[in-house]
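Below you'll find the structure, written out as structure tokens, and then a few comments.
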Amino acid sequence: MIDTLFPQSDRARALQASLERFMEAEVLPAEPVVEAQLRGDRWAVPTVIDELKVKARAKGLWNLFLPGDHGGAGLTNLEYAPMAEVMGAVPFAPEVFNCSAPDTGNMEVLARYGSPAQQERWLTPLLAGEIRSGFAMTEPDVASSDATNIAGSIVRDGDEYVLNARKWFTSGAGHPRCELFIFMGKSDPSNPDRHIQQSMVLVPRDTPGVRVERMLPVFGYDDAPHGHGEVTFTDVRVPVANLLLGEGRGFEIAQGRLGPGRIHHCMRLIGLAERAHGAMCRRLLRRVAFGKPLAEQSVWRQRVAETRLAIDQTRLLVLNAAHRMDVAGNKGARAEIAMIKLATPRMACDVIDLAMQAHGAAGLTDDLGLAYAYATARFLRIADGPDEVHGDQLGRMELGRHRGAR
């Protein structure tokens, strides 16, 4: 049905089939290996991931998210969305295919807005998977859900910018290969137009004054070796040539960056919810309580039905948003993007929560990965804009459609 409503090209179907085979044969068996290697050193890249990256690239399963003009797979948002779902079933899988956040968003920023020199210096090694990056936007001292609140300072001093800020939840800051931060701050804080006060600057990780203060766990999970860091920038000096696009263009870049990223997050969450749903069904079929399998108890059959409905409904919403982005652009798909950012994390939280319930006490442990999956889904009700922001935006757009109508 989905392929009828949202047709895929032959090439996209072939890539997805290849991806699914690779996940089954290579990635899923590597899960316990990754876990074991991370127990040895939380902040070192498991060697098995590097081995998988070599294999994935050899099969052409690389940079699937990016249009072809910079060496990506050249897929549309609609074509990439089901592949993101496939990868989303395993938390570390996107990195295997060089499709993990925040690098995907940062690569898109460099591809769309970077100068040739910036692309050569940073985009090329990111596309090759040789380095990682972080996105330094959110700040603990302001409501960062309103990007115009960002208070980090960008002051020009001759041929340099001087940066000062305290950032946090800078995803990727803990990765040992993180070599670049994209920093958002205010270069013209007194400008009466709040949307052109901000700029974005490329900051090499090893620049004096850049300090990762701590890693921030989410429900106790540190998300190693990737992590979410609190990072301070103290009198950090970078060349003026490190400015992206132009002074006052930071808010514009941020809006352009976040649209595709929300599609990626949402499709990956559907993959996570599907995996939890499957684990729940298998548990219900084999677990006996009060003389019969849980699957024969009507309350659980109803829950299985409701979660099936929720996953499939949300998938269609996401595919529709991806299609809308392809035909109308990110700005034209604002309503659809807001819908999926509201619906998908909520759905995933509900499905994973029921999967945990079906597994009883075991579902709350780290043995099954469900608790970590729930933490991931719950985090995404805040990351890339909280529910309230997307709900307000969607409500205003919907009311606007009816304003003046009789």
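Brief remarks follow.
- Translational diffusion coefficient of region 242-346 (Stokes-Einstein, Kirkwood radius from Cα pairs, 20 °C, 1.002 mPa s): 133 µm²/s.
- With the convex hull of the Cα atoms taken as the outline of region 111-152, the averaged projected area works out to 4.1 nm².
- Note on the chain: dipole from Cβ charges, positive end direction compared against VAL327, HIS175, GLY185; the farthest Cα belongs to VAL327.
- In the chain, taking the dipole from charged Cβ atoms about the Cα centre, the farthest positive-side position among GLY229, ALA371, ALA165 is held by ALA371.
- Per residue, the chain reaches -16000 deg cm²/dmol at 222 nm when only DSSP H runs of four or more residues are counted, each adding -39500 (n - 2.57).
- Region 12-80 and region 110-132 have Cα centres spaced 20 Å apart.
- Of all DSSP beta bridges in the chain, antiparallel share, percent nearest 5: 85 percent
- Taking the charge dipole of the chain about its Cα centre, with +1 at Lys and Arg Cβ atoms and -1 at Asp and Glu Cβ atoms, the residue from ALA241, ILE270, THR104 reaching farthest to the positive side is ILE270.
- Counting only Cβ charges, +1 for Lys and Arg and -1 for Asp and Glu, the dipole size of the chain around its Cα centre is about 1060 debye.
- With neighbour counts taken as other beta-carbon atoms within 10 Å, the residues SER145, SER187 rank, fewest first, as SER145, SER187.
- Lys pairs, the chain - Cα-Cα below 25 angstrom, 8 or more residues apart or on other chains: 4
- A convex hull fitted to the Cα coordinates of region 132-244 yields 94 cubic angstrom per residue.
- Legend: ranking of residues GLU79, GLU252, GLU306 from fewest to most surrounding C-beta atoms inside 10 Å; resulting order GLU306, GLU252, GLU79.
- Net charge dipole size for region 314-406 [Lys, Arg +1 and Asp, Glu -1 on Cβ; Debye, nearest 20]: 680 debye
- Positive minus negative residues near ARG156 (Lys, Arg vs Asp, Glu; Cβ under 13 Å): -3
- Value of relative contact order over the chain, rounded to a whole percent, pairs C-alpha under 8 Å and six or more apart: 14 percent
- Kirkwood hydrodynamic radius of the chain, from the reciprocal of the average inverse Cα-Cα distance over all distinct pairs: 22.2 Å.
Bear in mind these aren't lab numbers, they're just calculated from the coordinates by the rules spelled out. These numbers were taken from a predicted model, which means no experiment stands behind them. Here the Cβ is made from the backbone with ideal geometry for all residues, glycine too, and neighbour counts use every protein chain on show.
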